[in-house]
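Chemist: Handing you this structure, nothing more for now.
The values are calculated or read from the model by the stated rules, or taken from the named source; none is laboratory data. All values reported here derive from a predicted model rather than from experimental measurement. With ideal geometry, Cβ positions are generated from the backbone for all residues, glycine too; neighbour counts draw on all protein chains shown.
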Amino acid sequence: MLQEQIGQMTDFSDDIRDAWKNFSEGRSDDMTSEELMDFLNQQNVKAFNGGRASWEITSSMPWWGTEDSSTTRSLLDVAEATIHSVYPDLLDVPEDDEIGAGSILVFLPGWGEIKQLAERLENNMNPHKDKLWVVKVHSTVSKEEQQQAFEAPDEGQVKIVLATNIAESSVTIDDVRAVIDTGLHREMTYDPKQRMSFLDTVWVCQSNAVQRKGRAGRVRTGKVYRLYSRDQFKAVPWRPAPEMQRCNLANTCLQTISLGRDPREFMALAPDPPQVQALEAAMAELTAIDAIQDGSPPTMQALGHLISRFPLQPLNGRAMVLGTVFGVPETTAALILMGDRGVFISSQELAAEIMAKKRSFCTYSDVLASLRAFMEFETIYRERGWATAERWCEHFHVNYVRCVQLSRQKYQLLIDVQRSGLLDAASLDGMNPDEWYAENWGDEEGEEGDSSASAARCVSVPSKATFRNRSPGKHWRLSRGLRRVKPT
């Protein structure tokens, strides 16, 4: 455990890497625990204690399968063959049956598999096409199409519902008589080295498999067909990995330090403590942006005290500080809250038209296109009312509800920024946000009158940076805190 902690610390810190190189010179590769503890004490870092880890294995098991049909039978091949084998039994029902043929619920990892399997089943070359009514349940399809999952199929047909793990508990379809479980789902994981979250295809745990089985036979006897062996079922853990083991711990560490605790000591007391790599990456991130000074125990810096008051991840909180200092708080808040989701609707049928509307706002960036569309939505909503804004959203394929939610979240975030003392303005309580913006900031404009570019720089800036404005005398540097310095 000590060797792993030191290894992760040297990956994220040049100073510790040099110190470890000097410390290990002339020593054996197989150091004792006392020597390793001595090195950590020299760096004023507390050793991570993982002795209280839960006995139960909860780590998600990566999928070892393949989609290369040239070497093996692919997942979709097996799922399609199973559907063709099962549906004839569902058609053999008495004429007075109230439910009828019912439906088959197929659990697939994600949208790509749903789309490909639907194309196979609806292909004109498929001899079973006329007997199957394929319904896709996913966030990318329209509400009208998703609603078809609750409707009864025509006589002589079987409804095939293709869904992800959202149908495990969030959606209940009463007429499901058979469940086909591929045993896979997509799980959000975090890579501390790349500092990126991504969806990974992993095997479902046993509790998820049991929950999927329960979707069949809610109003009559049902069956479940698992496309994996009993040995595979026994090999996966009973429950999924806790979120602490698969998310960015930077904000958790920051809040822990703000309460006067050492994250390494505090998180080791959890029933399922996080990995050393993830914890050290979080501490390195906070140190790099000058939010904390690492040690035993770590101490808060001025910037850390500030961003710990925001409901944001530390990097986003720091971006909010930069956006406020450089005069674009409203635009920066919108960009941070928007993330990578954007404000445009998702529709496979209108994909080309949506892309054309998106390019009318920005030709080189989807993120800036969504940001500019959202800013225009707020202007139209403020000046012409909600009815005009709703029609405008319909014309440009913008999600009206999403924009309204973003506007409220942005206003709340700006309240938090004002309360932190960053904004030198009167309290927002009881004051119209638009009046407050106009009174205290006016129009936010960056270079060439576009605040979106300035906000994007604040969000994407590295940990150490120097900013130079075109106007003389405005020279800012972020290093050991944000301060104004004389131009060189």
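Chemist: When segment 300-321 is examined, which residues are found to be under 21 Å from Q194 (Cα atoms) and among the hydrophobic types (A, V, I, L, M, F, W, C)? Quick ask: steps written out before the conclusion?
Modeler: Residues of segment 300-321 under 21 Å from Q194 (Cα atoms): 312-319.
Once the filter is applied, which keeps residues that are under 21 Å from Q194 (Cα atoms) and among the hydrophobic types (A, V, I, L, M, F, W, C), segment 300-321 yields L312, L315, A319.
Chemist: In contact with a strand residue (DSSP E or B) (Cβ under 6 Å, 6 or more places away or on another chain) and modelled with pLDDT of 65 or more: which single residue out of T82, T10 fits that description?
Modeler: Numbers: T10 fails: in contact with a strand residue (DSSP E or B) (Cβ under 6 Å, 6 or more places away or on another chain).
On inspection, the qualifying residue turns out to be T82.
Chemist: Checking the conditions here, which among T363, T331, T388, T379 is of a type in the set (V, I, T), outside the structural domain of Q255 (by TED's automatic domain parsing) and surrounded by 15 or more Cβ atoms within 10 Å (Cβ to Cβ)? Give the steps one after another, and end with the answer.
Modeler: Working: T363 fails: surrounded by 15 or more Cβ atoms within 10 Å (Cβ to Cβ); T388 fails: surrounded by 15 or more Cβ atoms within 10 Å (Cβ to Cβ); T379 fails: surrounded by 15 or more Cβ atoms within 10 Å (Cβ to Cβ).
Residue meeting the stated conditions: T331.
Chemist: Scan (1) touching a residue at least 60 places away in the same chain (Cβ under 8 Å); (2) within 25 Å of R230 (Cβ to Cβ); (3) of a type in the set (A, V, I, L, M) for the single condition I173 breaks and write down its number.
Modeler: The single condition I173 does not satisfy is (2).
Chemist: Tally time: how many residues in segment 355-405 are in contact with an Asp or Glu (Cβ under 8 Å, 6 or more places away or on another chain) and among the β-branched types (V, I, T)?
Modeler: Final tally of qualifying residues: 1.
Chemist: Go through segment 132-158 and give me each residue that's among the β-branched types (V, I, T) and under 12 Å from S347 (Cβ atoms). Explain how you work it out, then say what you get.
Modeler: First, pick out the residues of segment 132-158 that are among the β-branched types (V, I, T): 134-135, 137, 140-141, 158.
Within segment 132-158, T140, V141 qualify.
Chemist: Now, a different point. Collect the residues in segment 234-254 that are in contact with a helix residue (DSSP H, G or I) (Cβ under 9 Å, 6 or more places away or on another chain) and surrounded by fewer than 16 Cβ atoms within 10 Å (Cβ to Cβ), keeping them in residue-number order. Show your work before the answer.
Modeler: In the first step, residues of segment 234-254 are kept if they are in contact with a helix residue (DSSP H, G or I) (Cβ under 9 Å, 6 or more places away or on another chain); the result is 234, 236-240, 244-254.
Once the filter is applied, which keeps residues that are in contact with a helix residue (DSSP H, G or I) (Cβ under 9 Å, 6 or more places away or on another chain) and surrounded by fewer than 16 Cβ atoms within 10 Å (Cβ to Cβ), segment 234-254 yields K234, W238, R239.
Chemist: Sticking with this structure for a sec: If you take the residues in segment 117-172 that are small (G, A, S) and part of a loop (DSSP other than H, G, I, E, B), which one is nearest to the chain's Cα centre (by Cα)?
Modeler: Step one: filter segment 117-172 for residues small (G, A, S), giving 118, 139, 142, 149, 152, 156, 163, 167, 169-170.
From what's left, part of a loop (DSSP other than H, G, I, E, B): 139, 142, 152, 156, 169-170.
Numbers: S139: 15, S142: 22, A152: 35, G156: 42, S169: 20, S170: 19 Å.
Selected residue: S139.
Chemist: Considering every residue within segment 406-428, establish whether at least one is at pLDDT 80 or above, part of a helix (DSSP H, G or I), surrounded by fewer than 13 Cβ atoms within 10 Å (Cβ to Cβ) and on the phi < 0 side of the Ramachandran plot.
Modeler: Yes, segment 406-428 has at least one match.
Chemist: Moving to a separate point now. Quick test for you: out of G304, G385, pick the one residue that is more than 22 Å from the chain's Cα centre (by Cα) and under 26 Å from D416 (Cα atoms). Full working, then the answer.
Modeler: On the way: G385 fails: under 26 Å from D416 (Cα atoms).
Step by step, each of G304, G385 is checked, and only G304 is more than 22 Å from the chain's Cα centre (by Cα) and under 26 Å from D416 (Cα atoms).
Chemist: Looking only at residues that are in contact with a helix residue (DSSP H, G or I) (Cβ under 6 Å, 6 or more places away or on another chain) and either of a type in the set (A, V, I, L, M, F, W, C) or under 21 Å from S197 (Cβ atoms) (or both) in segment 287-299, which one is surrounded by the fewest Cβ atoms within 10 Å (Cβ to Cβ)?
Modeler: Here is the first cut: in segment 287-299, the residues in contact with a helix residue (DSSP H, G or I) (Cβ under 6 Å, 6 or more places away or on another chain) are 289-292, 294, 298.
If we keep only those that are either of a type in the set (A, V, I, L, M, F, W, C) or under 21 Å from S197 (Cβ atoms) (or both) as well, we get 289, 291-292.
Numbers: I289: 22, A291: 27, I292: 26.
The selected residue is I289.
Chemist: Which numbered condition trips up Q293, out of (1) assigned by TED's automatic domain parsing to the domain that holds T252; (2) modelled with pLDDT of 90 or more?
Modeler: Condition not satisfied by Q293: (2).
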